[in-house]
């Protein structure tokens, strides 16, 4: 039996080290690309358990518990079922005072700047808790929200605007009633 031997050329000095360095660089590049591609998918968790992700950053100050916020939002269950949305409707002013809305929503909006869009994950305890909100939201259900903060104003300013609007409406009603009671020919 005859065996044909193929001569192997010797490996140049340092070639194995260069190969390992090249592999390490490729792994580092792949990790960097993965991080850049997923950095918008990272959720931040607050001490209360609210999770949020910045979809679009805003600018300026943040609202406080004494403000009224104007937001666009969509609320979903974990399976993607939309239970409420303001999209396509006139945005409603929402008080950020404690107890005015579910705690996680209030906390989340106060993290935002004007013009920002955030995604929120509310654990059940920061949403409707053990009671739920039948029929749309079962008990102990975590909720997902996509929220855009359009504007916010101090509650005192909103109340003053509402009082002014009510006074104008009353004056208009009085003028209409006064004009109807005037005798003919005057």
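For segment 101-108, the criterion of being in contact with a strand residue (DSSP E or B) (Cβ under 8 Å, 6 or more places away or on another chain) and part of a loop (DSSP other than H, G, I, E, B) is satisfied by at least one residue. Residue 25 fulfils the conditions (1) modelled with pLDDT of 95 or more; (2) loosely packed, with under 12 Cβ neighbours inside 10 Å except for a single criterion, (1). Among what's in segment 81-100 and is touching a residue at least 24 places away in the same chain (Cβ under 8 Å) and assigned to a strand (DSSP E or B), pick the residue that is surrounded by the fewest Cβ atoms within 10 Å (Cβ to Cβ). The selected residue is 84.
When segment 37-64 is limited to residues that are part of a strand (DSSP E or B) and in contact (Cβ under 8 Å) with a residue 60 or more places away in the chain, the one that is farthest from residue 133 (Cα to Cα) turns out to be 56. When residue 67 is tested against (1) within 21 Å of residue 123 (Cβ to Cβ); (2) touching a helix residue (DSSP H, G or I) at 6+ places or on another chain (Cβ under 7 Å), exactly one condition is not met: (1).
Restricting attention to segment 103-141, the residues that are surrounded by 17 or more Cβ atoms within 10 Å (Cβ to Cβ) and closer than 17 Å to residue 82 by Cα total 12. Across segment 48-62, which residue is surrounded by the fewest Cβ atoms within 10 Å (Cβ to Cβ) among those that are within 11 Å of residue 107 (Cα to Cα) and more than 14 Å from the chain's Cα centre (by Cα)? In this case the residue turns out to be 48.
Checking each residue in segment 65-80 for being in contact (Cβ under 8 Å) with a residue 24 or more places away in the chain, more than 27 Å from residue 159 (Cβ to Cβ) and in a loop (DSSP other than H, G, I, E, B) picks out only 78. Against the criterion of being modelled with pLDDT of 95 or more and surrounded by 10 or more Cβ atoms within 10 Å (Cβ to Cβ), residue 45 qualifies.
The values are calculated or read from the model by the stated rules, or taken from the named source; none is laboratory data. Computed from a predicted model, the values in this text were never measured in an experiment. Because the Cβ atoms are built from the backbone with ideal geometry, glycine has one as well, and the counts that use them run over all protein chains shown.
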